[in-house]
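Written out below as structure tokens is the structure these notes cover.
Throughout, read-outs are computed from the coordinates displayed, never taken from laboratory work. It should be emphasised that the depicted structure is a prediction, and the values quoted were computed from it without experimental measurement. Backbone-built Cβ (ideal geometry, glycine too); neighbour counts: all protein chains shown.
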Amino acid sequence: MKEKKTNSLTAFEERMSLLMQMKDLNKADLARIAGVSPQAVNGWFNRGEIGKASAKKISSVTGVSVDWLLEGSPELHELNAHRGKRLADWFKDGFPEHEASFFADLVNGQVAFTDKTARRIEVDYSLPFNYLDSGNSLGAPSNLNDDDKELLYYFHKLTKKSKQELLENVKKQAIFYDDMFEELKKLREQ
């Protein structure tokens, strides 16, 4: 459904901008995920709507619902609030002095609590992995495909030691690809 412009941005543009900010994505990333051209993504923004097939692909990667992409709902705002509450709970005796103002802004919803920020805080302050997302349905993609399910099925059959070794190898490979992607991104920006 096409949305009318209310102010300078349509509700669709606001949702997509929030999604890109929260998931550290840009329009080129959306095009890659959806399997469409960058011009098609610009078309979404110009029309104020996205096709259902593209919404399904983006949903499966980002963990937001297709309904949210197509029609809107409070999902990402809820995730922001959830992360803020979990952060405040962890630091109930007070925020670290050098980040107190930033953490207060995160908790009060003054700045977006992005995935990248959540993971950095978890690492920097030795919070358990995904602590800030735990208990929220957006913490992990909700639509597992058949390959995901099969991988989890066999993973759960491994010994604890084998699981740890496999997980370490997967993490190393993911970090390697993330680093390569960042290098390519920097080269393209030059």
Original post:
Roughly how big is region 75-139's charge dipole about its Cα centre, with Cβ charges of +1 (Lys, Arg) and -1 (Asp, Glu), in debye to the nearest 20?
Top reply: 80 debye
Subject >> Cα-only radius of gyration and Dmax that characterise region 11-71, units Å >> reply: 9.9, 24
Original post:
Given only helices, namely DSSP H runs of n ≥ 4 each adding -39500 (n - 2.57), what is the per-residue ellipticity at 222 nm of the chain, to the nearest 500 deg cm²/dmol?
Top reply: -20000 deg cm²/dmol
**OP:** Note down the relative contact order for region 11-71 as a percent, whole number, built from C-alpha pairs under 8 angstrom at least six residues apart.
**Re:** 36 percent
Original post:
What is the dipole size for the chain, taken about its Cα centre, with +1 at each Lys and Arg Cβ and -1 at each Asp and Glu Cβ, in debye to the nearest 20?
Top reply: 480 debye
**OP:** State, to one decimal in nm², a quarter of the convex hull surface area for the C-alpha atoms of the chain, i.e. the direction-averaged projected area.
**Re:** 13.4 nm²
Subject >> Sequence-distant aspartates and glutamates (8 or more away, or on other chains) whose Cα lies within less than 13 Å of K27 >> reply: E13
Subject >> Relative contact order computed over the chain (Cα-Cα under 8 Å; 6+ residues apart), in percent >> reply: 20 percent
Subject >> Listed pairs K52/K92; K23/K172; K57/K161; K23/K92; K56/K185 exceeding 31 Å between Cα atoms >> reply: K52/K92; K57/K161
